[in-house]
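A.B. asks: Sharing a structure with you now.
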2 protein chains.
Amino acid sequence: MLHAVIMAGGSGTRFWPESRRAFPKQFLRLAGEQTLLQQTWQRFAPLIEDGSGWVITGEKHRPHVADQLPELPADQIVAEPIGRNTAPAIGLMALLIAERDPGAILLVVPADHAISPDAAFQCAVRDAMKVIAADPERFILLGIKPDRPATGYGYIERGTKLDGGAFQVSAFKEKPDQATAQKYLDSGKYYWNSGIFIWRADAILKALQRYAPEIHTKLDKLRSHIGKPDWTELLAREFPSMPAISIDYAVLEKAERVAVIEAPFTWDDVGSWEAVQRLRGADESGNVAVGLHVGVNTKNTIVRGTGDHLVATLGLEDCVVVHTPHATLVAKRGDDEALRKLLAEIEKQGLEKYL
Amino acid sequence: MLHAVIMAGGSGTRFWPESRRAFPKQFLRLAGEQTLLQQTWQRFAPLIEDGSGWVITGEKHRPHVADQLPELPADQIVAEPIGRNTAPAIGLMALLIAERDPGAILLVVPADHAISPDAAFQCAVRDAMKVIAADPERFILLGIKPDRPATGYGYIERGTKLDGGAFQVSAFKEKPDQATAQKYLDSGKYYWNSGIFIWRADAILKALQRYAPEIHTKLDKLRSHIGKPDWTELLAREFPSMPAISIDYAVLEKAERVAVIEAPFTWDDVGSWEAVQRLRGADESGNVAVGLHVGVNTKNTIVRGTGDHLVATLGLEDCVVVHTPHATLVAKRGDDEALRKLLAEIEKQGLEKYL
């Protein structure tokens with residue numbers, strides 16, 4: 001049976017002040033009327049049976065998940081004692097789900113990406129399940145066809161064609177420089193790694209045992225405590241000592257039966273305020289406003305308000321204005337790195353509580 | 001005895017969203033740590049005896065006056081039932097004060113201008129009082145020596161020199177066009193009208209009787225009700241029917257014994273956000289911030305925050321950012337008229353409650 005696992009451990013502040021350390025971007029309404037987490041949940045809902053959806057998130061973010069996904073049973077929101085990258089998190093989820101359903105297939109999806117249309121996503125997952133049905137040891141990734149020579153993503157090189165629309169993965173590539181990215185784009189043989197994976201729980205556990213025994217040993221220690229009163233205590237002891245590595249690095253780059261399916265949907269990693277304009281259609285002046293906004297002589301400006309607070313803009317061009325109850329950001333658009341500088345300055349001035 | 005009367009009836013929104021219809025600029029901290037009203041009060045405090053300070057304001061603004069000037073006796077805050085420009089307001093104050101002190105001299109000052117230094121202001125008022133001591137029928141205005149060909153102010157032309165540093169006023173001039181303003185500036189014989197007046201209460205009442213009998217008749221009807229239970233009712237009946245005209249137009253342009261004393265202080269009418277930079281010294285980047293502000297690559301920008309709300313700016317130049325609990329304004333500087341357009345748009349969209 002298919003179980004969907006939402007990876008909701010992110011904790012960035014790239015959407016500050018709307019996102020905060022305590023309220024990262026997966027909980028924000030960045031690409032529509034629902035939050036990225038809620039959109040992610042609904043995207044796979046038609047694929048799974050009731051009770052087969054899971055979320056793994058940071059301990060302090062657990063209440064936000066419960067709040068935004070009220071239909072999710074409390075014991076299927078798993079709180080990481082501390083973030084340890086994707087390999088320990090996926091291992092833990094495979095352990096828990098395999099215990100309940102030994103033949104489980106996992107669909108692992110990041111909580112904070114925008115994908116459209118949902119039907120194309122569902123179609124790709126069904127294709128992946130067919131490949132796995134034929135070959136239970138397969139690890140499948142969804143690859144995004146690049147539309148620009150992006151230097152901010154890792155790339156997957158595809159090799160020989162397999163059955164069911166999949167390709168053998170022939171190599172994983174680190175974030176490239178501009179020239180290399182252009183070469184990848186021109187070749188047509190490279191994909192961006194979407195972080196969306198489909199595989200059997202038992203297969204990934206077996207692969208962790210082989211390629212990342214330091215993780216698997218600890219998972220093994222946890223196994224007999226699942227559902228027991230000392231579970232939380234044991235998890236808090238074992239999990240933080242697992243190495244903080246990605247599933248790509250821990251398993252996929254080493255395993256042999258790794259395949260990629262070209263994603264038939266548009267995908268956005270929602271990496272900065274710029275994404276909001278891409279995802280939410282601008283008006284005829286190029287403005288994208290959420291909340292109460294009145295603009296005069298305002299162009300190409302992203303405005304985000306909250307509640308009944310009015311944001312008024314006058315003579316602005318290419319700006320981002322974000323109002324929240326605790327802080328307001330007004331920034332010239334186009335330099336995503338600068339926000340990092342600003343946040344560092346806020347921290348330096350002793351104002352961490354605003355981050 | 002000198003009585004000071006603060007004219008606090010203004011109700012503009014040129015400092016929106018910090019100023020609002022219900023909270024106009026005289027109640028804001030625009031030129032220092034105290035509000036313009038408080039600064040005005042303290043400026044004349046050394047000139048008067050306790051109990052000789054008065055404020056006339058709009059009915060709905062009365063609580064703000066009481067709040068900001070706790071030392072002012074409640075019966076010396078006079079509420080206009082409705083704004084009728086300066087002639088009725090000054091007439092009313094002259095009536096009330098003359099009833100208490102028949103020999104009263106009035107110092108009439110707008111609540112919402114910035115003046116510095118206070119000692120120079122006090123010096124000018126003492127000079128005016130000397131002129132009045134010698135000639136009780138004199139009406140004295142303080143004139144501001146222009147430093148630019150401003151087209152937004154009325155001008156006073158000075159005539160023959162009188163005793164005590166005063167000049168006979170030879171003409172009042174409407175707001176001039178650019179060329180005329182330049183001519184006024186070059187001649188050295190013109191002043192801006194500061195709206196600061198010194199005269200005896202009985203003299204201004206007599207002048208109203210002569211030049212504005214439609215006001216004086218109604219003041220006369222009110223006289224016998226001062227301090228009586230029906231005062232408020234009578235005022236509410238008589239005051240609104242007085243003509244809404246300025247004291248300049250009603251009396252000063254017609255009376256003969258009008259003199260001007262050149263103000264020995266710097267003066268600013270605090271007409272727009274631009275004034276805030278003039279009045280509050282900018283930092284080395286040209287920024288003027290009030291409240292919690294962190295800026296990176298921010299230049300020539302005015303930031304106004306409230307409470308513990310953080311305003312963060314990034315890559316901004318020549319902007320005004322004003323955060324208040326109900327609304328936030330982000331505007332490119334340099335076009336004061338545009339704010340009016342924005343406020344009209346806000347009203348048009350049915351959002352008057354934010355004004």
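Nothing in this text is a laboratory measurement; each read-out follows from the coordinates by a stated rule. What you are looking at is a predicted structure, and each value in this text was computed from that prediction instead of being measured. In this analysis, Cβ positions are derived from the backbone assuming ideal geometry, glycine residues included, and neighbour counts consider all displayed protein chains.
A.B. asks: Report the antiparallel proportion of the DSSP beta bridges in segment A:273-354 as a percent, rounded to a multiple of 5.
C.D. replies: Antiparallel bridges: around 30 percent, rounded to the nearest 5.
A.B. asks: Take the Cβ-Cβ distance between B:Gln122 and A:Lys299 as r, set R0 to 51 Å, and report the resulting FRET efficiency rounded to the nearest 0.05.
C.D. replies: Efficiency, rounded to the nearest 0.05: 0.50.
A.B. asks: May I pose another question? P(r) of segment B:1-106 in 5 Å steps, Cα pairs, percent per bin?
C.D. replies: Per 5 Å bin, starting at 0, the Cα pair percentages come out as 2, 12, 24, 24, 21, 11, 5, 1, 0.
A.B. asks: Nearest 5 is fine: what % of DSSP beta bridges in chain A come out antiparallel, could you say?
C.D. replies: Close to 45 percent.
A.B. asks: With the calculation restricted to Cα positions, what are the radius of gyration and Dmax of the protein assembly as shown in angstrom?
C.D. replies: Cα only, the protein assembly as shown: 36.0, 112 Å (Rg, Dmax).
A.B. asks: Turning to a different aspect of this structure: Restricting to the protein assembly as shown, compute how many DSSP beta bridges are antiparallel as a %, nearest 5.
C.D. replies: 45 percent
A.B. asks: I need the GluC sites (Glu not before Pro) found in segment A:253-355, filtered to DSSP loop residues with at most 16 other beta carbons within 10 Å of theirs.
C.D. replies: Answer in residue order: A:Glu253, A:Glu256, A:Glu284.
A.B. asks: Here is a follow-up. Using Cα pairs closer than 8 Å and at least 6 residues apart in sequence, work out the relative contact order for chain B, in percent.
C.D. replies: Reported relative contact order: 19 percent.
A.B. asks: Compute, for chain A, the length of the dipole vector about the Cα centre, with Cβ point charges of +1 (Lys, Arg) and -1 (Asp, Glu) only. Units Debye, rounded to 20.
C.D. replies: My answer is approximately 480 debye.
A.B. asks: Something else about it: Computed over the Cα atoms of segment B:154-265, what is the ratio Rg over Rh, Rh following Kirkwood?
C.D. replies: 1.08
A.B. asks: By the gyration tensor of its Cα atoms, with a ≥ b ≥ c the square roots of the eigenvalues, what is the shape of segment B:47-152: rounded for a/c under 1.5, prolate for a/b over b/c, or oblate?
C.D. replies: Here segment B:47-152 falls in the oblate category.
A.B. asks: Tell me, what is the FRET efficiency for A:Lys221 and A:Arg280 to the nearest 0.05, using R0 = 60 angstrom and their Cβ-Cβ distance as r?
C.D. replies: FRET efficiency, A:Lys221 to A:Arg280: 0.85.
A.B. asks: Going by the alpha-carbon gyration tensor, a ≥ b ≥ c the square roots of its eigenvalues, is segment A:196-355 rounded (a/c under 1.5) or, if a/c is not under 1.5, prolate (a/b greater than b/c) versus oblate?
C.D. replies: prolate
A.B. asks: When a footprinting reagent is the concern and you count Cβ atoms within 10 Å, what order do A:Tyr153, B:Tyr211 take, fewest first?
C.D. replies: Fewest-to-most Cβ neighbours within 10 Å comes out as B:Tyr211, A:Tyr153.
A.B. asks: A follow-up question, please. Just to be sure I understand the rule: take each whole DSSP H helix in chain B, project its Cα atoms onto its long axis, keep it if the span is 20 Å or more and its mean Kyte-Doolittle hydropathy is at least 0.5. Which ones pass?
C.D. replies: Span-like helices in chain B: B:86-100, B:118-134.
A.B. asks: Under 15 Å from a label point 7 Å along Cα→Cβ of A:Glu33: give me every residue in segment A:265-295 with its amide N that close.
C.D. replies: A:290-291
A.B. asks: Suppose you put the label 7 Å out from Cα in the Cβ direction; list, shortest first and in nm with one decimal, how far A:Thr160 is from each other copy's label.
C.D. replies: 11.6
A.B. asks: Oh, and also: Where the only charges are on Cβ atoms (+1 Lys, Arg; -1 Asp, Glu), what is the dipole of the protein assembly as shown about its Cα centre, to the nearest 20 debye?
C.D. replies: Using only the charged Cβ atoms, the result is roughly 420 debye.
A.B. asks: In addition: Distance check, please: which entries in B:Lys173/B:Lys341; A:Lys25/A:Lys161; B:Lys25/B:Lys206 exceed 30 angstrom between their Cα atoms?
C.D. replies: Flagged as over cut-off: A:Lys25/A:Lys161; B:Lys25/B:Lys206.
A.B. asks: Just to be sure I understand the curve: with the Debye formula and one point per C-alpha of segment A:273-354, what is log10 I(q)/I(0) at q = 0.17, 0.23, 0.26, 0.27 Å⁻¹?
C.D. replies: Results for segment A:273-354 at q = 0.17, 0.23, 0.26, 0.27 Å⁻¹ read -0.70, -1.12, -1.28, -1.32.
A.B. asks: Same structure again: What's the center-to-center distance, using Cα atoms, between segment A:227-258 and segment A:282-355 in Å?
C.D. replies: Between the Cα centre of segment A:227-258 and that of segment A:282-355, the gap is 38 Å.
A.B. asks: Using 1/(1 + (r/R0)^6) with R0 = 22 angstrom and r between the beta carbons of A:Lys161 and A:Thr266, what's the FRET efficiency to the nearest 0.05?
C.D. replies: 0.40
A.B. asks: Per the Kirkwood treatment, what hydrodynamic radius in Å, one decimal, follows for chain B from the mean inverse distance over all distinct Cα pairs?
C.D. replies: 21.5 Å
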